[in-house]
Amino acid sequence: MSGVFSPGRAEIKERTLRTDKWWLQPLATFGVLFSFVIYATFRAFEGAYYYADHLISPFYSPCLSEACVPEAVIGGFAPVSAQIFNFPLSPALIILIFPLGFRMTCYYYRKAYYRAFWMSPPACAVAEPHKKYTGETRQPLILQNAHRWFFYAGLVFNVILTYDAIISFKNKEGEWGHMSVGSLVLVFSTTMLWLYSLSCHTCRHTIGGRLKHFSKHPVRYKAWTTISKLNHSHALFAWISLFAVAFADIYVRQVAAGHWTNFYFF
Amino acid sequence: MARKVNLRIWRGDSNSGSLQNVEVDANEGEVVLDVIHRVQATQMGDLAVRWNCKAGKCGSCSMEINGKPRLACMTRMSSFEEGEEITVTPLRAFPVIKDLVTDVSFNYKKALEIPAYEHPADLGPGEARMEQIDVERSQEFRKCIECFLCQDTCHVIRDHEENKKSFAGPRFFIRVAELDMHPLDMLKNRKRTAQEEHGLGMCNITKCCTEVCPEHIRITDNAIIPMKERVVDVKYDPARWLGSKIRRREG
C-alpha cells in the first residue's frame, strides 16, 4: 500500500473523492490526440496527394525526397533517396520527426499526454495507477530536455511553411497576385504554427528568461514581456495549430485527389 | 437565510478513521470553515481543525473538499448545488494527526534543505540596490502563504510516499526559482542542486500545483519550467555550456 493509502495517512478507501467530471478532459485529450496520431500516420505513409495548384501539405514540406513531385521541391533540393532497403520511402517520413519531436517534448503537450495517456496522474488529486514513478530523471523521458533543439528545428520549418504559404498566392498558371481558399488555409495554419512556436516556454527562456538582470538587457526584457503574454495562451495555440495543420493537410489532399475544387477569389 | 446542508467529515487519527455524516445550517455568505465551526460548536465538540486568519492569508485551513485541495476559508458554500453532499477530509499527502489536521512537517524539513540567499561579498548591509524589473519575477513567488496545497496535490509525493526523501515539491521549486532569479544571489550551483538534490527532474509538469494555488501563483509556467530550462542550460545543452565557458558570464 502506498500513495494515498500509505500507513499514517487518513484512512479513505476511495482513490479520489472528486465529484466533478474530472475524467472528461483527459478522455477528450486522449480522443483528439489519438485520432491525430492515426491520421498523421496514415498520411505519412500514404506518400501521395500532397501537392496541387501551388499548395503543398505541411506534412510534406520541405519535400526532400527524389520521389517528390518536382513542383513541391524547393530549389531542386531533394537529396534523399526515394527508397530505403528497396522499400518506397514517403517524403513525409523524412521530416516528420522534427514537428513530432517538438510537440512530443512541448511542456504543454507533456501535461496533456501524461494525464490522458499515461494517467500520471489522470487528473489532480486522483490517484494514479502506477506503483513506481521516477518522472523525467531517466531514459527515455530524460530526452524531454531536448525540447530546445526541436524548437530550433521548428523555427526552420516555420520559415519553410511561410514560403509555402506565400507560393500559394499564385494561380494554376503560376502567376502571382491570386488568392484561393487554399492560400487562406495555408496562411492560417502557418500563422498558428508561428504563434505556437513563439509562445513556447523554451522560446520565452531563450529570449530573456535565462537572464538574471533584465535591467541590463532592456530589449530582451521587452521581448520577454511580449513572449510571456503569448505564453499565457500556449495551450490554446498548441491545439489550434494542431487542428490547423491537420486541416491544411486534409484540404491539400482533397484538392490533389480531385475531391474538392480550390476556389480562387481573384 | 439559513439552509440545511449535508456534510461528510472525516474523523479519526493515524490508525483509523471514517467519514461521518452530519446535517448543519449554512447561512448566506458563509464559507466551508464557518460551517465546520458550527458543527464543532453544536455537534462535534472534539472535532480537530486547524485555522487562523479566515481570510485566505495564513494557509492554515488547508483540507480537501469534495476531493479537491482547498482552503476551507476561501470555499464559499454558495459554490455547491442545493442538496449537494459536501465531503471534507484532511490533506491526503501527509500523515494525519486527528480529524482534519495533518502533520505537514515534511515541508519544514524540505525548507531547511534549500540553500539560503548568498549576499555579494563586496556589498555591506544596506548597500544592495536592485531595479524593480529585476525583482518582480521573484515577487510573484513571495505571495506564497505556505498552505501546502500544491505539495498535497503533487502526485510525485501524494501517490508515491517513497519519493518524499528525494523530492522537494512545487512550494520549494518556487523558492529555488526565486533565489536563482534574484539579481544579487551569488550561489552558483542552484540549478544543479535543484535537479540533483531537490528532484526537479521528477516533476512531469502536469500543473496540478498551479491549479490549486489559492494565491494564483503560476508555479509551473513561471518557476518550474524556467528552472527546468535553466537546468538544461547547465546540464543538457553542450552549446550553451560551451558558450558560458568561453564568455564566462551569466545574464
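The values are calculated or read from the model by the stated rules, or taken from the named source; none is laboratory data. As the structure is a computational prediction, the values presented were derived from the model and not from experiment. All Cβ positions, glycine included, derive from the backbone under ideal geometry; neighbour counts span all protein chains shown.
Return a yes/no flag: does the range B:120-137 have any residue that is surrounded by fewer than 22 Cβ atoms within 10 Å (Cβ to Cβ), touching a helix residue (DSSP H, G or I) at 6+ places or on another chain (Cβ under 6 Å) and either part of a loop (DSSP other than H, G, I, E, B) or assigned by TED's automatic domain parsing to the domain that holds B:SER60 (or both).
Yes, some residue in the range B:120-137 is surrounded by fewer than 22 Cβ atoms within 10 Å (Cβ to Cβ), touching a helix residue (DSSP H, G or I) at 6+ places or on another chain (Cβ under 6 Å) and either part of a loop (DSSP other than H, G, I, E, B) or assigned by TED's automatic domain parsing to the domain that holds B:SER60 (or both).
Could you check the range A:160-177 and list, in sequence order, the residues that are buried (at least 17 other Cβ atoms within 10 Å of the Cβ) and of a type outside the set (Val, Ile, Thr)?
A:LEU161, A:ASP164, A:ALA165, A:SER168, A:PHE169, A:LYS170
Does B:ALA223 fit the bill of being in contact with a Leu (Cβ under 8 Å, 6 or more places away or on another chain) and either at the interface with chain A (Cβ under 9 Å from one of its Cβ atoms) or crowded, with 22+ Cβ neighbours inside 10 Å (or both)?
Numbers: in contact with a Leu (Cβ under 8 Å, 6 or more places away or on another chain): no; either at the interface with chain A (Cβ under 9 Å from one of its Cβ atoms) or crowded, with 22+ Cβ neighbours inside 10 Å (or both): yes.
Answer is no for this residue.
Matching residues to (1) without any contact (Cβ under 8 Å) to a residue 40 or more places away in the chain; (2) touching an Asp or Glu at 6+ places or on another chain (Cβ under 8 Å); (3) more than 14 Å from chain B (Cβ to nearest Cβ):
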{"residue": "A:SER90", "(1), (2), (3)": "no, yes, yes"}
{"residue": "A:PRO99", "(1), (2), (3)": "no, no, yes"}
{"residue": "A:TYR113", "(1), (2), (3)": "no, no, no"}
{"residue": "A:ALA123", "(1), (2), (3)": "no, no, no"}
{"residue": "A:PRO140", "(1), (2), (3)": "yes, no, no"}
{"residue": "A:ARG148", "(1), (2), (3)": "no, yes, no"}
{"residue": "A:TYR163", "(1), (2), (3)": "no, no, yes"}
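Looking only at the range B:97-119, which residues are in a loop (DSSP other than H, G, I, E, B) and under 17 Å from B:VAL176 (Cβ atoms)? First the steps, then the outcome.
Quick first cut of the range B:97-119, residues in a loop (DSSP other than H, G, I, E, B) only: B:99-100, B:103-104, B:114-119.
Of everything in the range B:97-119, those that are in a loop (DSSP other than H, G, I, E, B) and under 17 Å from B:VAL176 (Cβ atoms) turn out to be B:ILE114, B:PRO115, B:ALA116, B:TYR117, B:GLU118.
Of the numbered conditions (1) modelled with pLDDT under 95; (2) closer than 17 Å to A:THR16 by Cα, B:PRO90 fails exactly one; give the number of that condition.
If we test B:PRO90 against (1) modelled with pLDDT under 95; (2) closer than 17 Å to A:THR16 by Cα, just (1) comes out false.
Which condition does A:SER65 not pass, out of (1) touching a Leu at 6+ places or on another chain (Cβ under 7 Å); (2) under 30 Å from A:LYS131 (Cα atoms), if it passes all the others?
Condition not satisfied by A:SER65: (2).
Please give the number of the condition B:GLU81 fails out of (1) crowded, with 22+ Cβ neighbours inside 10 Å; (2) farther than 19 Å from B:GLN151 by Cα.
(1)
Hey, does the range A:205-218 have a residue that's under 25 Å from A:PHE265 (Cα atoms) and either at pLDDT 95 or above or of a type outside the set (A, V, I, L, M) (or both)? First the steps, then the outcome.
Filtering the range A:205-218 for residues under 25 Å from A:PHE265 (Cα atoms) gives none.
No, the range A:205-218 contains no residue that is under 25 Å from A:PHE265 (Cα atoms) and either at pLDDT 95 or above or of a type outside the set (A, V, I, L, M) (or both).
Is there a residue in the range B:161-177 that is away from chain A (no Cβ under 11 Å) and surrounded by fewer than 17 Cβ atoms within 10 Å (Cβ to Cβ)?
Initial filter on the range B:161-177 (away from chain A (no Cβ under 11 Å)): B:165, B:168-176.
Within this subset, residues satisfying the condition of being surrounded by fewer than 17 Cβ atoms within 10 Å (Cβ to Cβ) are B:165.
So far as the range B:161-177 goes, yes, one or more of its residues are away from chain A (no Cβ under 11 Å) and surrounded by fewer than 17 Cβ atoms within 10 Å (Cβ to Cβ).
Quick check on A:ALA72: is it among the small types (Gly, Ala, Ser), under 30 Å from A:PRO121 (Cβ atoms) and crowded, with 18+ Cβ neighbours inside 10 Å?
Numbers: among the small types (Gly, Ala, Ser): yes; under 30 Å from A:PRO121 (Cβ atoms): no; crowded, with 18+ Cβ neighbours inside 10 Å: yes.
It is false that A:ALA72 is among the small types (Gly, Ala, Ser), under 30 Å from A:PRO121 (Cβ atoms) and crowded, with 18+ Cβ neighbours inside 10 Å.
Looking only at the range B:206-220, which residues are within 7 Å of chain A (Cβ to nearest Cβ) and either touching a Leu at 6+ places or on another chain (Cβ under 7 Å) or buried (at least 22 other Cβ atoms within 10 Å of the Cβ) (or both)?
Within the range B:206-220, the subset within 7 Å of chain A (Cβ to nearest Cβ) is B:206-208, B:211-212.
Passing the criteria: B:THR206, B:LYS207, B:CYS208, B:VAL212.
Quickly run through the range A:18-55 and pick out the residues that are without any contact (Cβ under 8 Å) to a residue 12 or more places away in the chain and facing chain B (nearest Cβ under 8 Å).
A:THR19, A:ASP20 - these are the residues of the range A:18-55 that are without any contact (Cβ under 8 Å) to a residue 12 or more places away in the chain and facing chain B (nearest Cβ under 8 Å).
In this structure, is B:LYS143 part of a loop (DSSP other than H, G, I, E, B), of a type in the set (Lys, Arg) and at negative phi? Spell out the reasoning first.
Numbers: part of a loop (DSSP other than H, G, I, E, B): yes; of a type in the set (Lys, Arg): yes; at negative phi: yes.
So B:LYS143 fits the description; yes.
Tell me which residues, restricted to the range B:40-89, are part of a loop (DSSP other than H, G, I, E, B) and acidic (Asp, Glu).
We begin by selecting, within the range B:40-89, every residue part of a loop (DSSP other than H, G, I, E, B); these are B:43-61, B:66-67, B:75, B:80-85.
Result: B:ASP46, B:GLU81, B:GLU82, B:GLU84, B:GLU85.
Looking at the range B:226-242, which of its residues are free of Cβ contacts under 8 Å to residues at least 24 places away in the same chain and either surrounded by 21 or more Cβ atoms within 10 Å (Cβ to Cβ) or within 8 Å of chain A (Cβ to nearest Cβ) (or both)?
Of the residues in the range B:226-242, the ones free of Cβ contacts under 8 Å to residues at least 24 places away in the same chain are B:229, B:232, B:236-242.
If the condition is that a residue be free of Cβ contacts under 8 Å to residues at least 24 places away in the same chain and either surrounded by 21 or more Cβ atoms within 10 Å (Cβ to Cβ) or within 8 Å of chain A (Cβ to nearest Cβ) (or both), then B:GLU229, B:VAL232, B:TYR236, B:ASP237 are the ones that fit.
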